[in-house]
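Quick note: the coordinates plus some simple rules give every number you see, no bench work behind them. Predicted model only: the values in this text are computed from it and were never measured. Here Cβ is always computed from backbone atoms with ideal geometry, including for glycine, and neighbour counts include all displayed protein chains.
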Amino acid sequence: MTNRRILVIDDETDIQEVVQLCLEITVGWTVMIASSGTEGLLVAEAEQPNGILLDVMMPDLDGSATFAKLQAKASTRDIPVVLLTAKLQPADRRRFDEIGVKGIIEKPFDPVNLANQIAELLEWEL
């Protein structure tokens, strides 16, 4: 198993904890947590994770704005991003595909299959 480093940017502590436990226990990935888009930008630049799991709906800097800022910086634009969202319309899916998001995982997600979903979207071997 390859030790991947995942940054979770989500304002909900319950989601942070579930994701962290799932990924660390099931596949041994290192999980970093950011509770806001602004914090996530700082962590992404400093830590250079292998991937980012980004919540779409957050106060202040939402997932779309956070993604745009990640793409605007040379140091973070190549980090693949998977969105987490509770509300996904077909138009949203098309828009996210067009801007370069690697994939979307809908909430509520299955904790047991979360690592597999991420690995599949990012084309990682488990």
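What the table shows:
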read-out	value
Some residue of the range 44-55 being in contact with a Ser or Thr (Cβ under 8 Å, 6 or more places away or on another chain), assigned to a helix (DSSP H, G or I) and more than 23 Å from residue 123 (Cα to Cα)	no
Count - residues of the range 9-43 that are part of a loop (DSSP other than H, G, I, E, B) and either in contact with a strand residue (DSSP E or B) (Cβ under 9 Å, 6 or more places away or on another chain) or within 18 Å of residue 107 (Cβ to Cβ) (or both)	6
Residue check, residue 66 within 14 Å of residue 11 (Cα to Cα) and either touching a residue at least 60 places away in the same chain (Cβ under 8 Å) or part of a helix (DSSP H, G or I) (or both)	yes
Residue within the range 28-44 that is over 18 Å from residue 66 (Cβ atoms) and surrounded by fewer than 16 Cβ atoms within 10 Å (Cβ to Cβ) present	yes
The range 1-20, subset in contact (Cβ under 8 Å) with a residue 40 or more places away in the chain and not β-branched (Val, Ile, Thr), residue farthest from residue 54 (Cα to Cα)	1
Unique residue being among the polar types (S, T, N, Q) and either over 14 Å from residue 6 (Cα atoms) or in contact with a Phe, Trp or Tyr (Cβ under 9 Å, 6 or more places away or on another chain) (or both) when the list is 116, 50	50
Hits in the range 3-34 (condition: among the small types (Gly, Ala, Ser) and under 12 Å from the mean Cα position of the chain (by Cα))	34
Of all residues making up the range 35-56, the number that are small (Gly, Ala, Ser) and under 21 Å from residue 87 (Cβ atoms)	4
Any hit, the range 45-59, residues being in contact (Cβ under 8 Å) with a residue 60 or more places away in the chain, closer than 20 Å to residue 104 by Cα and in contact with a Pro (Cβ under 6 Å, 6 or more places away or on another chain)	yes
